[in-house]
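Working notes, structure below.
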Amino acid sequence: MVRLGLMNLMMHGIDEPNIDYKDTLSKSYTQEAEYDIIMANPPFTGSIDKGDINENLQLSTTKSELLFVENIYRLLKKGGTAGVIVPQGVLFGSGKAFKDLRKILVDRCDLEAVITLPSGVFKPYAGVSTAILLFTKVWGPKDKVDKPATQQVWFYEMAADGYSLDDKRTKQEGFGDLQDIVAKFHARSVITDTDRTAKYFMVPRREIEAEDYDLSLSRYKEDVFEEVHYDAPDVILDRLIQAEVGDVEDADLAKVQSGIVRELLELKGMVV
């Protein structure tokens, strides 16, 4: 894995890449407030032995998907920004550690965006639904929070990433929603992004606090229900009978003794 990472960096113009092969959740990893930018896709749904967890991590959990996000927060300098992929369970999990992590993201960071991804983006390796968290560190772990850092959170519901969402992940035309996400994120506004029925919108911090720091898009999105008109049952039955026998007089239809037409006529007699 390290060799692959080194080669990938060199192929993208980084001539002297620096990769540390370490367990960043363990007691042996001592870095803190070191980075301006962190981009991460940490392992999902794993766990770490409680005795190996770094003492600087305060969440009372062994779930790696929570500890990695807390660790990324600690590794950022103040003013540093992170983009992290997490399983969507992190957004709405009811356990204390889940809520504590979301409170860190909202109160001690400026949580700028929650971008939900469709469940097929990591196939064929995993089908778990995921999301991208974009946040900037404002308050350190030991700072007294005079005012929560987040004022508004921008939500976007990605429907496609440019590939099919089955195990084959076949390239599709265009780039899915990726370019739209970038454009809409940079143009986001509390004035214009107010339509909760759209695929992107802003949610104020006070509403998120009232929802117990729930960050799932579905909590705030408004569903649109369209009224659908259906023909009366006897009209539908007449259409089915006509499809079977064509234009036939009622007297001739009454002579039918068996088969699907007879059953349709009996059913029509019940609903008329």
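The values are calculated or read from the model by the stated rules, or taken from the named source; none is laboratory data. Note that the structure is a prediction, hence the values are computed from the model and not measured. Here the Cβ is made from the backbone with ideal geometry for all residues, glycine too, and neighbour counts use every protein chain on show.
Quick notes
- Residue match in segment 28-45 (condition: assigned to a strand (DSSP E or B) and farther than 19 Å from ILE132 by Cβ): no
- Only one of the numbered conditions (1) more than 27 Å from PHE122 (Cβ to Cβ); (2) in a helix (DSSP H, G or I) is not met by GLN179, and that is (1).
- Remark: pairs (first residue in segment 220-232, closer than 30 Å to MET270 by Cα; second residue not hydroxyl-bearing (Ser, Thr, Tyr); Cβ separation under 9 Å; 6+ apart in sequence or on different chains) = TYR230/ILE236; ASP231/ARG239; ALA232/VAL271.
- Residue in segment 160-170 that is in a loop (DSSP other than H, G, I, E, B) and among the aliphatic types (A, V, I, L, M) present: yes
- Qualifying residue in segment 54-77 (condition: over 30 Å from GLY162 (Cα atoms), assigned to a strand (DSSP E or B) and at pLDDT 95 or above): yes
- Residue in segment 105-117 that is crowded, with 22+ Cβ neighbours inside 10 Å and part of a helix (DSSP H, G or I) present: yes
- In segment 202-221, the residues that are within 16 Å of the chain's Cα centre (by Cα) and either farther than 16 Å from ILE115 by Cα or assigned to a loop (DSSP other than H, G, I, E, B) (or both): TYR213, ASP214, LEU215, SER216, LYS221
- Criterion violated by VAL90 - all others in (1) out of contact with any helix residue (DSSP H, G or I) (no Cβ under 8 Å at 6 or more places or on another chain); (2) modelled with pLDDT of 95 or more satisfied: (1)
- Residue list for segment 80-137, filter: among the β-branched types (Val, Ile, Thr) and more than 15 Å from the chain's Cα centre (by Cα): THR81, ILE104, VAL106, THR136
- Selection count, segment 153-176, where residues are farther than 25 Å from PRO124 by Cα, in contact with a Leu (Cβ under 6 Å, 6 or more places away or on another chain) and of a type outside the set (A, V, I, L, M): 1
- Flag for ILE72 being closer than 18 Å to ASP143 by Cα, in contact with a strand residue (DSSP E or B) (Cβ under 9 Å, 6 or more places away or on another chain) and surrounded by 14 or more Cβ atoms within 10 Å (Cβ to Cβ): yes
- Among (1) of a type in the set (Ser, Thr, Tyr); (2) surrounded by 13 or more Cβ atoms within 10 Å (Cβ to Cβ); (3) more than 23 Å from ASN71 (Cα to Cα) - the single one THR130 does not satisfy: (3)
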